[in-house]
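The values are calculated or read from the model by the stated rules, or taken from the named source; none is laboratory data. These numbers were taken from a predicted model, which means no experiment stands behind them. Every residue, glycine among them, receives a Cβ derived from its backbone with ideal geometry; neighbour counts consider all protein chains shown. Just the protein is used for accessible areas: all its heavy atoms, side chains included, with ligands, DNA and RNA removed. Shrake-Rupley method; radii C 1.70, N 1.55, O 1.52, S 1.80 Å.
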Amino acid sequence: MIYFGCDYYPEQWSQWLEEGEARWAEDARLMAAAGFNVVRLAEFAWGLLEPAPDQFDFAWLERAVDLLHDHGLQVVLATPTPTPPPWLLDAHPDITQVTADGRRLGPGTRREACANHPVYRERSRIISQALAAHFATRPGVIGWQTDNEFGCHDTGRCYCEHCQAGFRTWLAERYGDLDALNEAWGGAFWGETYRTWLQIPLPTHSAAQRSPSHLLDFYRFSSDSWRDFHAMEIDILRRTCPDHFVTHNLMGFFPQLNYYDLAAELDFVSWDNYHYHGATPAGVAAAHDHMWGVKERNFWVMEQQVGQVNWSAYNPVPPPDFVRLKSYQAIGHGADGVVYFRWRQALGGSEQYHSGLLNQAGRETMGYREACSIGQELARLASVLEGTEPRAQVAILLDYDSRWALQLQPHNSRLRHDPPADYSLENPALEVDRDAFHEPRYLTGRAYLAWPFSAAYTAFWERNVPVAVVAPESDLSRYKLVCAPFLNLLRPAVVENLKRYVAGGGTLVLGPRTGFKDESNRLFASPQPGPLAELAGVTVRFFDSLEPERINVLRWEQIHGARRTEIGLWAEVLDPVGAEVIATYTQDWYAGEAAITARRHEGGGHALYVGAMGGPTLYANLFDWLLRDLDVHPLIPSMPGVEVCARYGEDGRRVIFLLNHTGQVQRFTLARPVQELLSGEEFSTFVRLRPGQVAIFEDGSQFGQAL
Ligand code: GAL
C-alpha cells in the first residue's frame with residue numbers, strides 16, 4: 001500500500017476562523033474524498049500541548065485524531081520538539097543557539113534550541129514521553145515523526161557554552177590524549193599545540209582560516225549532537241509505542257548532518273521534497289535516490305510541495321501536472337508514502353505565502369484536484385506496487401566527511417558548496433555570487449554538492465540507468481559499477497571496502513581529489529590517491545585549480561577515437577603505475593599528459609581514476625563504454641526530458657514509470673506494446689506523452705533487461 005495524505009494543522013483552525021473546530025469535519029471529509037489514508041499532525045504544537053510546565057492539554061489532539069480516524073484516515077504524530085514553548089524560552093533564554101560570530105538567536109519561531117542544552121533536552125524528553133504514553137494505544141495512530149527537519153534554517157551547528165563543553169568531552173573520548181589530538185590536527189602549525197582540554201576553542205569566527213581538522217571534528221561533533229538528541233526521542237518512542245513505526249523528515253542533500261548516522265535507528269526515512277526555482281528533475285531524482293540509499297530501503301516523502309513555497313528567491317506557481325509528476329517521480333524512486341504539505345494555507349504565522357491543497361479561503365486548488373485523481377489511481381495501483389522497490393546495478397557513493405572536507409577547502413571558488421553565511425536577498429552582489437556557486441545546474445542548487453557528483457549522476461539519469469546513492473561503507477557487491485566521484489577523505493574502512501569490491505570483480509570509478517585526506521583531514525604523506533594508489537594503478541603528480549575561463553579538452557583515443565570533451569575547474573596530471581591511459585589533456589602546458597586511467601585486476605576488477613572535472617558529457621563518455629562492457633542496460637533508450645524509473649517485486653515483477661518533465665509532447669517507440677496502468681490504454685510500440693504526462697506499466701522483463 002502507498003501511504004497517501006497531507007500535513008494537517010487542526011490547531012491553527014481552532015482559534016483563527018469563526019467556524020473554529022467545526023471546520024475539522026469538513027477537512028476530514030475532503031481528505032477522505034481525495035483518497036487520503038494518512039495525516040501527519042502536531043510537529044510544532046508543543047506550546048499548545050504543554051501550555052505551562054508539566055500541564056498537558058492533549059484533548060484537542062485526541063479530538064483531531066479521533067475525527068480523522070472516523071473518516072478512515074490514519075495518523076502519524078510528531079514529537080513537537082522543534083518549537084520550544086514561550087514559557088521554556090522565558091525561563092531559560094540561553095536555550096537558544098549561538099552563531100559562529102557569537103550572536104545568540106532570538107527566541108520564538110522554531111529550531112532555535114541547542115541540542116546540547118540540558119534543560120532543552122530534559123523538557124524535550126518530558127513532552128515526548130508524555131505524548132507517546134498518551135497516544136500509544138490510541139486507535140488510528142500508526143507511527144511517529146521525530147521532531148522536524150533537524151538542522152533546518154542553518155541550525156546544525158551551535159557555538160554556545162554547552163557545545164564548548166560537549167565538544168571537549170567528545171574530543172577526549174575520540175582521541176584519548178592530547179598528543180594524539182595535536183598530532184591529528186597538525187597542532188605544530190602556527191603553534192596551536194594544546195596542553196589541556198580546556199584550551200581547545202570552538203571554531204568560532206576567527207582572524208584566519210582554522211585548521212581543517214579542528215573544523216571537521218566540530219562538524220562531526222555537531223552532527224553527533226543531533227544524532228544523540230534524536231536517539232533520546234527514538235528510545236522513548238520505541239519503549240512507549242512498540243507497535244508504531246518511527247521516522248524523521250530529512251531534507252535531501254542537506255549539508256550539515258550525517259544522515260547515515262542520524263537515520264541509523266529509524267524504521268525508514270522520510271524527506272521533504274520542495275523545489276526552489278532552479279530545481280531540475282535530475283536533482284530531485286538524485287535526492288530521492290539518496291534518501292533510498294540512506295537506509296537502502298523504501299522511504300516516504302513526508303512533505304511534498306503542492307503549490308508555491310514562501311522561501312525561494314522567486315516563487316512561481318507550479319504548472320499543471322506538477323503535483324502528479326512529483327508524486328509519481330517519488331513513488332518511482334521508492335517512496336511508499338507521499339504526504340502533501342500542507343492541507344490549507346495558513347492565515348496567521350510566518351508562512352502565509354505558502355500554498356496548501358486548499359487556499360486560505362478553504363477553496364480547492366489545482367494541487368487538490370490533482371491529488372484527488374492520484375488518490376483514485378493509487379487505489380488501483382496498490383496491488384501492482386505492493387512489495388516493490390527500486391533496484392540498481394550502479395551506485396554512486398556519497399560521503400559526508402568528504403563533503404565537509406571539500407566544503408571547508410574548495411580550493412576553487414566555483415566548488416564552494418554552501419552559500420556564504422552573510423548571503424541575503426538584499427545584496428544583489430551576493431545573489432550573483434551565489435548563482436555562480438550553483439553552476440552548472442545539473443542538480444538542484446540546494447544540493448551544494450561537488451561538481452563530479454552532479455555530473456556523474458546526471459550522466460546516468462540521462463541514460464535511464466537507475467542509480468543508488470549510498471554510503472561508502474555499504475555492501476557494494478550487489479552493484480556492477482560503483483562511482484565514487486569525490487572521496488577526498490578516506491577512512492580505513494572505506495579503503496578496505498573499495499579494495500574488497502574490486503577484488504570481487506567490481507568496476508570502480510574514482511573522481512578527482514580522491515584520497516588526498518586521511519581520516520583526520522590531514523594530507524596523506526603518500527602521493528594522492530593515498531591508500532588507493534595501488535588499486536587504481538596511478539598517482540597524481542599535481543593538481544591544477546582552473547579559473548572559470550580556463551578550459552582544457554580531453555582526447556579519448558583509447559576508447560572513442562577522435563572524440564574530444566571539454567573539462568574545467570580542476571585538472572590532475574596523472575602518472576600511471578600499472579594503469580592504462582584512457583584520456584589525455586590536449587591543451588595548456590600539460591597537453592599530452594594523462595587525465596583518466598584504468599587498471600584491470602585479475603579476477604575481472606577494474607579501477608578507473610578520473611582526474612579532471614567536467615559536466616555530464618565527461619562521465620557519459622566513460623559510462624557508455626563501461627556500461628556496454630558490463631552489460632548494464634538503460635531501462636529504455638534515453639529520450640531527452642522523459643525520465644524513466646522502475647520498481648521491482650521479489651517475483652520478478654517490474655513496474656516502469658515514464659515521466660515527461662518537458663513542456664512538449666514526447667514521442668518514442670518501445671520494443672513491444674504494453675498496457676498503461678493509469679489510463680488502462682493499450683500502448684502500441686509507438687508512445688506519445690503529452691507535457692507533464694505520467695505513464696506506468698508492468699512488464700515481465702528481468703532485472704537489468706532493457707524494455
Ligand atoms: C519545511 C518545513 C515545513 C514548512 C515548509 C515550507 O522545511 O518542514 O514546516 O516550513 O518547509 O516550505
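How high is the relative contact order of the chain? Use alpha-carbon pairs under 8 Å, at least six apart in sequence, and give a whole percent. Can you show the working numbers first?
Details: 1509 pairs, mean separation 74.0, N = 707.
Relative CO of the chain lands at 10 percent.
Please express the shape of the stretch 394-629 as an equivalent ellipsoid: the semi-axes are the square roots of 5 times the eigenvalues of the C-alpha gyration tensor, given largest first in whole angstrom. Mind showing how you got there, number by number?
On the way: eigenvalues 142, 82, 64 Å².
For the stretch 394-629, the ellipsoid semi-axes come out as 27, 20, 18 Å.
If we count every other residue with Cβ under 11 angstrom of His153's Cβ, Lys/Arg +1 and Asp/Glu -1, where does the sum land?
Details: positive: Arg110, Arg111; negative: Glu112, Glu149, Asp154.
Cβ neighbours under 11 Å give a net charge of -1.
Using only Cα atoms, locate the centre of the stretch 14-85 and the centre of the stretch 309-377, then give the distance between them in Å, rounded to an integer.
Each part reduced to its Cα centre gives a spacing of 19 Å.
Restricting to Cα atoms and excluding each atom paired with itself, what does the Kirkwood estimate give for the stretch 537-683 in Å? If you can, show how the numbers build up before the last one.
Details: mean 1/r = 0.0546 Å⁻¹.
Computed over the stretch 537-683, the radius equals 18.3 Å.
In nm, give the distance between the simple-model label positions of Ala379 and Asp66, each being 7 Å from the Cα along the Cα-to-Cβ direction.
Inter-label distance under the simple model: 2.7 nm.
As a test of reading the structure, rank Glu183, Glu547 by solvent-accessible area (1.4 Å probe, protein chains only), most first. Don't jump to the answer; show the numbers that get you there.
Values: Glu183 115, Glu547 85 Å².
My answer, sorted largest first, is Glu183, Glu547.
Checking the a/c ratio against 1.5 first, then a/b against b/c, what shape does the Cα gyration tensor give for the stretch 113-162?
On the way: a/c = 5.96, a/b = 1.89, b/c = 3.15.
The shape class here is oblate.
If each Cα of the stretch 29-85 is one equal point scatterer, what is log10 of I(q)/I(0) from the Debye formula at q = 0.18, 0.29 Å⁻¹?
The Cα Debye sum returns log10 ratios of -0.64, -1.12.
As a check on your grasp of the helix formula, calculate [θ] at 222 nm for the chain: sum -39500 (n - 2.57) over DSSP H runs of n ≥ 4, divide by the residue count, round to the nearest 500. Numbers along the way, then the final one.
On the way: 19 runs with 218 residues, N = 707.
Mean residue ellipticity, 222 nm, calculated: -9500 deg cm²/dmol.
If one puts a single equal scatterer on every Cα of the chain and applies the Debye formula without solvent, what log₁₀ I(q)/I(0) results at q = 0.06, 0.08, 0.11 Å⁻¹?
Results for the chain at q = 0.06, 0.08, 0.11 Å⁻¹ read -0.36, -0.65, -1.23.
With viscosity set to 0.890 mPa s and temperature to 25 °C, compute the Stokes-Einstein D of the stretch 642-706, Rh being the Kirkwood radius across alpha carbon pairs; µm²/s, no decimals. Walk me through the intermediate numbers first.
On the way: Rh = 12.2 Å.
Estimated diffusion coefficient is 200 µm²/s.
Order the peptides 200-207, 73-80, 162-169 from the highest to the lowest mean number of other Cβ atoms within 10 Å of their residues. Display every interim value, and only then the final one.
Details: 200-207: 14.4, 73-80: 24.5, 162-169: 18.6.
Ranking the peptides 200-207, 73-80, 162-169 by packing returns 73-80, 162-169, 200-207.
Given a Förster distance of 41 angstrom, what is the FRET efficiency for Arg690 paired with Ser413, based on the Cβ-Cβ distance and rounded to 0.05? Walk me through the numbers on the way to the answer.
Values: r = 42 Å, r/R0 = 1.03.
Plugging the Cβ-Cβ distance into 1/(1 + (r/R0)^6) gives 0.45.
Report the net charge of residues surrounding Ser327, where surrounding means a beta-carbon distance below 12 angstrom and charges are Lys +1, Arg +1, Asp -1, Glu -1. Display every interim value, and only then the final one.
Details: positive: Arg324, Lys326; negative: Asp321, Glu370, Glu377.
Result for the local shell: -1.
First measure r as the distance between the Cβ atoms of Arg564 and Glu351, then evaluate 1/(1 + (r/R0)^6) with R0 = 60 Å and state the FRET efficiency to the nearest 0.05.
On the way: r = 50 Å, r/R0 = 0.83.
Rounded to the nearest 0.05, the efficiency is 0.75.
Under a point spin-label approximation (7 Å from Cα along Cα-to-Cβ), what is the Ala32-Ala59 distance to one decimal in nm?
Placing both labels 7 Å along Cα→Cβ, they lie 2.5 nm apart.
Rounded to whole Å and ordered largest first, report the semi-axes of the equivalent ellipsoid of the stretch 212-336 derived from its Cα gyration tensor (root of 5λ).
On the way: eigenvalues 153, 78, 33 Å².
Rounded to whole Å, the semi-axes are 28, 20, 13.
Distance from a point 7 Å along Cα→Cβ of Asn315 to each backbone N in the stretch 361-393: keep the residues under 18 Å and list them by number.
361-363, 365-368
Would you calculate the volume per residue, in Å³, of the smallest convex hull containing every Cα atom of the stretch 262-376?
Details: hull volume 13.3 nm³, N = 115.
Dividing the Cα hull volume of the stretch 262-376 by its residues yields 116 Å³.
Going by a ≥ b ≥ c, the root eigenvalues of the Cα gyration tensor, does the stretch 19-59 fall in the rounded group (a/c under 1.5), the prolate group (a/b larger than b/c) or the oblate group?
Details: a/c = 4.02, a/b = 2.10, b/c = 1.91.
Cα axes put the stretch 19-59 in the prolate bin.
How many angstrom lie between the C-alpha centres of the stretch 243-284 and the stretch 532-599?
About 35 Å separates the Cα centre of the stretch 243-284 from the one of the stretch 532-599.
Could you size up the charge dipole of the stretch 589-649 around its Cα centre, putting +1 on the beta carbon of Lys and Arg and -1 on that of Asp and Glu, and report it in debye to the nearest 20? Please report the intermediate quantities before stating the final value.
Values: 4 positive and 6 negative charges, 17 e Å.
Magnitude of the dipole: close to 80 debye.
On full extension of the chain, what length is gained from Arg138 through Asp228, given 0.36 nm per residue of separation minus the C-alpha to C-alpha distance? It would help to have the intermediate numbers written out before the result.
Working: separation 90, 0.36 × 90 = 32.40 nm, distance 2.80 nm.
Once the chain is fully extended between Arg138 and Asp228, it gains 29.6 nm.
Enumerate by residue number the trypsin sites (Lys or Arg not before Pro) in the stretch 339-406 meeting two conditions: DSSP loop (anything except H, G, I, E, B), and at most 14 other Cβ atoms within 10 Å of the site's Cβ. Please report the intermediate quantities before stating the final value.
Numbers: sites: Arg342, Arg344, Arg363, Arg369, Arg380, Arg391, Arg403; in loops: Arg342, Arg363, Arg391.
Counting only loop positions with at most 14 other Cβ atoms within 10 Å, the trypsin sites (Lys or Arg not before Pro) in the stretch 339-406 are Arg363.
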